[in-house]
1. Note down the nm distance, to one decimal, between modelled labels 7 Å out along Cα→Cβ at THR73 and at ARG177.
2. Just flag the trypsin sites (Lys or Arg not before Pro) in segment 125-182 sitting in loop per DSSP whose Cβ has no more than 12 other Cβ atoms within 10 Å.
3. With the full set of protein chains in place, find how many percent of the accessible area of segment 91-169 is carbon and sulfur; take the probe as 1.4 Å.
4. Under a 1.4 Å probe, what is the accessible area of segment 141-182 per residue, stated in Å²?
5. For ASP168 and SER81 in the same chain, what is the full-extension length gain: residue separation times 0.36 nm, less their Cα-Cα distance, in nm?
6. Using label points projected 7 Å from each Cα along Cα→Cβ, tell me how many nm separate ALA88 and ASP102, to one decimal.
Amino acid sequence: MPDSDTGAPPRVVLVTAAALAVALAVAVAVFALTLRSEDSTDSADSGPLPLVPVPAPFATAAGCTTLLSAVPTELTSNGTSLKVRTLADPAPPATVAWGSADPLVLRCGLDRPPELTPTAALRLVNKVQWLQVPGDGSSTWYVVDREVYAALTVPDSAGTGPLQQISDTVAAKLPPRPLRFS
């Protein structure tokens, strides 16, 4: 029944209609956000991975060709299998990546890392000497005792499996060399 003074619908009808309109708007917004989130996850997982190029003056060296042709197509990180990713064009030379949300990236043919000094703390992993350079949310591990410098950038959330697997490949394919500090 309309309000006898103004001719408006009863207050209960107005409140109910307003509540339904707000509920519908919230439902549409949640649905849209969920759909957008799923779309971005799917494209991040399946689309080519864009990477910023870094100087790699020795990317065409024989050591890089040997190493990159031998890297595994899957790495295991915290029990999860990470598959090789297609890189977006223009892809940086001598680069391979695995995984989706926080990919692991191996680059070969780099200059000697400036952090490599005679007093730098090195870690031996499966017969390969690595120099860890911590970053924001990830660490970059440099192979420092082979004919070419390679770097594996690993998210902090990853386990040690990828570093061990890449170490095995490096040890099998590239003979050790004395460290070079200049």
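1. 3.1
2. For trypsin sites (Lys or Arg not before Pro) across segment 125-182 that sit outside H, G, I, E and B with at most 12 neighbouring Cβ atoms in 10 Å, the list reads LYS127, ARG180.
3. C and S atoms contribute 48 percent here.
4. Accessible area per residue: 43 Å².
5. Between ASP168 and SER81, full extension yields an extra 29.6 nm.
6. 2.1
The values are calculated or read from the model by the stated rules, or taken from the named source; none is laboratory data. Every value quoted in this text rests on a predicted model; they were computed, and no experiment measured them. When we count neighbours, we look across all protein chains shown, and the Cβ atoms used for this are built from the backbone with ideal geometry, even at glycine. With ligands, DNA and RNA removed, areas are computed over all heavy atoms of the protein, side chains included. Shrake-Rupley method; radii C 1.70, N 1.55, O 1.52, S 1.80 Å.
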